[in-house]
Amino acid sequence: MARPARRIDISEDADELLRELETSPSTHPKVRLRASILRLHRQGWSIPQLSTHFGRNHQAIHHDFTRFEERGIPGLLITAKV
């Protein structure tokens, strides 16, 4: 039995902040990518569609979703590896 499709809730306010990150030339490319993924997900795109469109594996998309669910917009920012 297939597991149910993962859906996360993204408010209009969060979507507006994601749009600003997505379109700002000063946003780091990885953050811009994550913002684009989340905005398209809010519009109804599935993980397989996002994976194909962006050339990323499903687990990377799930990881982006989890970062956003756990930490919101700050979870999308680049963190230094120690």
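With respect to the conditions (1) part of a helix (DSSP H, G or I); (2) at pLDDT 95 or above, GLY75 falls short on a single one, namely (2). On the basis of being under 12 Å from the mean Cα position of the chain (by Cα) and buried (at least 16 other Cβ atoms within 10 Å of the Cβ), does LEU38 make the cut? Yes.
Residue count for the range 42-71 under the criterion of being of a type in the set (Gly, Ala, Ser), assigned to a loop (DSSP other than H, G, I, E, B) and surrounded by 12 or more Cβ atoms within 10 Å (Cβ to Cβ): the result is 1.
Scanning the range 3-18 for residues that are open to solvent by 90 Å² or more (accessible area, probe 1.4 Å) and either outside any loop (DSSP other than H, G, I, E, B) or farther than 16 Å from PHE65 by Cα (or both) yields ARG3, GLU12, ASP13.
The values are calculated or read from the model by the stated rules, or taken from the named source; none is laboratory data. Only a predicted model underlies this, so the values are computations on that prediction, with no experimental measurement involved. Reconstructed Cβ throughout: ideal geometry from the backbone, glycine too, with neighbour counts over all protein chains shown. Calculation scope for accessible area: heavy atoms of the full protein, side chains included, ligands and nucleic acids excluded. Shrake-Rupley method; radii C 1.70, N 1.55, O 1.52, S 1.80 Å.
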